[in-house]
Amino acid sequence: MKNKIEKSENRRALPKFFLTMLGSLLVGCLLGFLVGFSRVFGLDTGKIAGWLNGAVRSAMSWGIPVTTLVTMGGCFFLYRSAARKFAAWDGGDENDASESAEILLSWTLLLSAVQLLLSLFFMTAIGTYQPEEGVLAMVGVFVLSCACVIFTQQKVVDLERRMNPEKHGSVYDTKFQKKWLDSCDESERRQIGEASYRAYMVTTRVCLGLWMVLTVLGMVFEIGMLPVSVLLLVWGVMQVTYTLECIRLGKKGAAVR
């Protein structure tokens, strides 16, 4: 009976699988045609690369301070809104008050994480293009931006601990994530697990898409193998870590039973 159910599920899934493969094949053929078309008609890839490099050069000197001001301003507004909601809570419906404030704090953390990524991007551009005499000042701006991000996350965690006294951990602790997870209840752990699985699936699809994009770009621009190699390394680490952790948790669950 079980074998019949498995075969039935496979038969239902096969048409969608074949359609997906057919769509991928058509997209690949289209991209291959466009690459061949660009070569036949002499696409000036050097000019395009020069334009992109020029855009990065123009933005790198003001990228970190401007994005920091914008994102940290948004973080301050969201944090203050969450703090006011918590301060105005009169001890009534705890779920409504805490959920509304926690959503605002989650957006604050998201903005701070985006700013960290932007700072890292512009710092790489500075290290690549910036003349040596201006690097030290830009490194100082980068460090200041990272300090703002860390301070924002510290304020969020502190407010979260005031809202939920059972929570433990400091952002300056190297084992913060573990201590924070240990202080979460079962519902919160389930939410973290679902969010982690969603992030894993989205990252897998993004890595596959980036591999396709970089492969096509490698046919047009002289980008070499390094970008694809780094992407596959990150993708491989994620896949291996996820699988090994599933094996470890499976053994742990079996031992408990």
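The values are calculated or read from the model by the stated rules, or taken from the named source; none is laboratory data. Everything numeric in this text was worked out from a predicted model, so none of it was measured. Heads up, the Cβs are rebuilt from the backbone with ideal geometry, glycines too, and the neighbour counts pull from every protein chain shown. The area values use the complete protein model at the heavy-atom level, side chains included, leaving out ligands, DNA and RNA. Shrake-Rupley method; radii C 1.70, N 1.55, O 1.52, S 1.80 Å.
Restricting to the stretch 177-194, name every residue that is out of contact with any Ser or Thr (no Cβ under 9 Å at 6 or more places or on another chain) and open to solvent by 60 Å² or more (accessible area, probe 1.4 Å).
Within the stretch 177-194, 177, 178, 181, 182, 185, 186, 187, 189, 190, 191, 192, 194 qualify.
Inspect all residues belonging to the stretch 199-207 and state whether any of them is farther than 16 Å from residue 245 by Cα, of a type in the set (A, V, I, L, M) and part of a helix (DSSP H, G or I).
Start the filter on the stretch 199-207 by keeping residues that are farther than 16 Å from residue 245 by Cα, which leaves 202-207.
In the following step, the residues that additionally are of a type in the set (A, V, I, L, M) were identified as 202, 206.
From the residues that got through so far, the ones that are part of a helix (DSSP H, G or I) too are 202, 206.
Yes - at least one qualifying residue is present in the stretch 199-207.
Scanning the stretch 201-219 for residues that are among the hydroxyl-bearing types (Ser, Thr, Tyr) and at pLDDT 90 or above, which turns out most open to solvent (accessible area, probe 1.4 Å)?
Here the answer is 203.
Going residue by residue through the stretch 128-135, is there one that turns out to be touching a Leu at 6+ places or on another chain (Cβ under 9 Å) and either open to solvent by 40 Å² or more (accessible area, probe 1.4 Å) or at pLDDT 95 or above (or both)? Even if it seems obvious, please write down each step before you answer.
As a first pass, look at the stretch 128-135 and keep what is touching a Leu at 6+ places or on another chain (Cβ under 9 Å): none.
No, the conditions are met nowhere in the stretch 128-135.
I'd like to verify a number: residues in the stretch 220-241 that are of a type outside the set (A, V, I, L, M, F, W, C) and either touching a strand residue (DSSP E or B) at 6+ places or on another chain (Cβ under 9 Å) or modelled with pLDDT of 90 or more (or both), how many?
Here is the first cut: in the stretch 220-241, the ones of a type outside the set (A, V, I, L, M, F, W, C) are 222, 224, 227, 229, 236, 239, 241.
Adding the requirement that they be either touching a strand residue (DSSP E or B) at 6+ places or on another chain (Cβ under 9 Å) or modelled with pLDDT of 90 or more (or both) leaves 229, 236, 239, 241.
Adding up the residues that qualify gives 4.
Within the set of pairs 6+ apart or on separate chains, which have a first residue in the stretch 154-168 that is outside any helix (DSSP H, G or I), a second that is at pLDDT 85 or above and among the hydroxyl-bearing types (Ser, Thr, Tyr), and C-beta atoms under 7 Å apart?
Final answer for the pair search is 166/183; 167/183; 168/183.
Can you name the number of the only condition in (1) open to solvent by 70 Å² or more (accessible area, probe 1.4 Å); (2) of a type in the set (Ser, Thr, Tyr); (3) in contact with a Ser or Thr (Cβ under 8 Å, 6 or more places away or on another chain) that residue 174 fails?
Residue 174 satisfies all of (1) open to solvent by 70 Å² or more (accessible area, probe 1.4 Å); (2) of a type in the set (Ser, Thr, Tyr); (3) in contact with a Ser or Thr (Cβ under 8 Å, 6 or more places away or on another chain) except (3).
Could you tell me whether any residue of the stretch 44-58 is modelled with pLDDT of 80 or more, open to solvent by less than 60 Å² (accessible area, probe 1.4 Å), under 30 Å from residue 147 (Cα atoms) and in contact with a helix residue (DSSP H, G or I) (Cβ under 7 Å, 6 or more places away or on another chain)?
No, there is no match, as no residue in the stretch 44-58 is modelled with pLDDT of 80 or more, open to solvent by less than 60 Å² (accessible area, probe 1.4 Å), under 30 Å from residue 147 (Cα atoms) and in contact with a helix residue (DSSP H, G or I) (Cβ under 7 Å, 6 or more places away or on another chain).
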